[in-house]
């Protein structure tokens, strides 16, 4: 059963990113001395998801469009709100969306533990609070797949599903 009133994360216009907690200080966002900032690297991801090196780990970029996003641990899925009359309508369409999704190619993501979902323009050191969501992932490898789906006439959502793999 999906609970209503989940916590959503929004973007200022660029992609959202899930960065392992252990390497948050290494994510500079739009700041930095480099010619291409971390934010620029995130914007270059082509497709629904992609991985970027951060410290000795990797971050998961939720590409394509900057949709308001949450993570539902019972489904192991990031849910990206593209269109719906209400949160209740969006979440009610989730079972049909998961069942009918046409998933893209999987990527493999190895995480050292919890990750933070936030706007990729922000530095990792500024992720605490309302602008981010801490996701308590179990350390290990995950298969990540993504899809955009339309479970109802006025409900469109993106899905990024994480499936734990045997270590």
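Just so you know, all these numbers are worked out from the coordinates, no wet-lab data involved. The model shown is predicted, which means the values in this text are computed figures rather than measured ones. Here the Cβ positions follow ideal geometry from the backbone for every residue, glycine too, while neighbour counts run over all protein chains shown.
A few remarks follow.
- Per-residue packing, averaged as other Cβ atoms within 10 Å, sorts the ranges 70-76, 14-20, 152-158 into the order 14-20, 152-158, 70-76, beginning with the highest.
- Diffusion coefficient of the range 16-164 by Stokes-Einstein, Kirkwood radius over Cα pairs, 25 °C, 0.890 mPa s: 158 µm²/s.
- Normalised by the number of residues in the range 1-94, the average gap of Cα pairs under 8 Å and 6 or more apart makes the relative contact order 31 percent.
- For the range 55-138: Kirkwood Rh in Å [reciprocal of mean 1/r, alpha carbons]: 14.7
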